[in-house]
Amino acid sequence: MRQRLSVETYAKGILSGDRTTLSRAITIIESSLAGDRALASQILQNILPHTGKSIRIGITGVPGVGKSTFIEAFGSYLTSLGKRVAVLAVDPSSKQSGGSILGDKTRMEKLSRDPNAYIRPSPTNLSLGGVARHTREAILLCEAAGYDLILVETVGVGQSETLVKGMTDFFLLLMLAGAGDELQGIKKGIMEMVDAVAVNKADSGNERAVAKAVTEYRQALHLFPETASKIPVQVVACSALEGTGMAPIWNIISDYHAQTSASGYLQENRRLQRIDWLREQILQSLEDRFYENELVKQRIASEDEAVRSGEKLPDEAASDLINLFLSSEQPSKFSAKS
Ligand code: GDP
């Protein structure tokens, strides 16, 4: 195991904006070793007063829509304004397949060389719930390290949007022109979550198709209920490849941030997000402890089999396992990050 430093050393390094220390601290929050969990918890506690000042932006869209290219262009635009930008990812695929839909982040070559940008790939070998928890913590670390904008990238499939929506202030959906009414495989549920839609690949020469798509999406969005923030969803065009349309997108996001800060919606939304995080954490901790229990481990295969064959109802098998768990649990305390 790599040498660990003291809590103070991590906290000091992060607060001074040192990227190596930030990376090492994120590695610790992603680690499942018991010693690291305790250390991670202390580091987070230490930096907590310095968190919360960034704008947290979720970015989604189907594979191939241009998310990486967009983040490269948008991130570079933001650093040109003197902003510091951190890029995190929530990729549900990396666990099962070993590969990732979001792909290799070295594609963001220019941004990764930018001293005002920090790029961290999705944690691997974790459940989606685990990825979400660690990404939330990574957001806090990046904020303490002084990043003004945190971009959290995810894919337009599965539950990952809901998770990213639950940890960000603003949710941007990238779409393509000319893909018809099918919403390009993007589920209706996702359209209900977004704060803005950017029609990408609006390259020069493609203006007409893009203008048509922008109008269509605007019309389609009228059919959706009002957003929780009550701020209308904006639809704009951009070309990540040519780097155009970045300023309007930034204006939408900064206006949104100003309006929601003034109205108190931003703070209220974050309060609700913290409560959701707490609820998820309770479930996750109980679940981990349940499946790590020795008696449960011994019995679970036979209960699975009884349910699979139809001999026993799931409800009954669950009660038996939970009772076994409760009767065998030592009254030892849960520790943070367990
Ligand atoms: P992701 O899977 O959503 O991350 O998409 P990528 O960023 O990897 O982009 C997929 C492909 O679309 C790549 O070949 C990009 O070069 C291309 N691409 C991305 N943005 C644009 C754009 O604005 N215009 C054009 N013409 N191609 C783009």
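Can you compute the FRET efficiency between N206 and L278 using 1/(1 + (r/R0)^6), with r the Cβ-Cβ distance and R0 = 35 Å? Round to the nearest 0.05.
Working: r = 46 Å, r/R0 = 1.32.
That pair, N206 with L278, gives E of 0.15.
Which net charge results when you count Lys and Arg as +1 and Asp and Glu as -1 among the other residues whose beta-carbon is under 14 Å from that of Q267? Please list the in-between numbers first.
Values: positive: K53, R56, R270, R271, R274; negative: D169, E268.
Neighbour charge sum, excluding Q267 itself: +3.
For the cross-link pairs K83/K165; K83/K188; K188/K230; K53/K165; K165/K201, which exceed 28 Å when the distance is taken from alpha carbon to alpha carbon? Before the final figure, lay out each step's value.
On the way: K83/K165 23 Å; K83/K188 33 Å; K188/K230 19 Å; K53/K165 18 Å; K165/K201 24 Å.
Flagged as over cut-off: K83/K188.
Any chance you could give the angle, 0 to 90 degrees and rounded to 10, that helix 246-263 forms with the longest Cα principal axis of the chain? Between helix and principal axis, roughly 60 degrees.
Expressed as a whole percent, the accessible surface of the chain that belongs to carbon and sulfur atoms is 54, based on a 1.4 Å probe.
Assuming a ≥ b ≥ c are the square roots of the Cα gyration tensor eigenvalues, decide whether region 205-338 counts as rounded (a/c under 1.5), prolate (otherwise, with a/b larger than b/c) or oblate.
On the way: a/c = 3.37, a/b = 2.26, b/c = 1.49.
Since a/c reaches 1.5 and a/b is larger than b/c, the shape of region 205-338 is classed as prolate.
Leaving out same-chain residues fewer than 8 places away, which aspartates and glutamates sit with a Cα under 18 Å from that of K110? Straight-distance partners of K110: E72, E153, E242.
Can you give me the accessible area per residue for region 228-338, using a 1.4 Å probe, in Å²? List each step's numbers first, then the result.
Numbers: 7060 Å² over 111 residues.
So region 228-338 comes to 64 Å² accessible per residue, rounded to a whole number.
Amide H contacts of V152 (H built 1.01 Å from N, in plane; Pro and chain starts excluded): I57, G58, I59, L88 sit under 5 Å, all sequence-distant by 5 or more or on other chains. Phi angles across region 193-210 convert, under the Karplus curve 6.51 cos²θ - 1.76 cosθ + 1.60 with θ = phi - 60°, into 3J(HN,Hα) values of 9, 7, 9, 7, 10, 10, 7, 8, 6, 7, 6, 4, x, 10, 4, 5, 4, 5 Hz, Gly and Pro given as x.
The values are calculated or read from the model by the stated rules, or taken from the named source; none is laboratory data. If you're wondering where the values come from, they're calculated on a predicted model, not measured in any experiment. Every residue, glycine as well, gets a Cβ built from its backbone with ideal geometry; the counts of neighbours run over all protein chains shown. All accessible areas refer to the heavy atoms of the entire protein, side chains included, with ligands and DNA or RNA removed. Shrake-Rupley method; radii C 1.70, N 1.55, O 1.52, S 1.80 Å.
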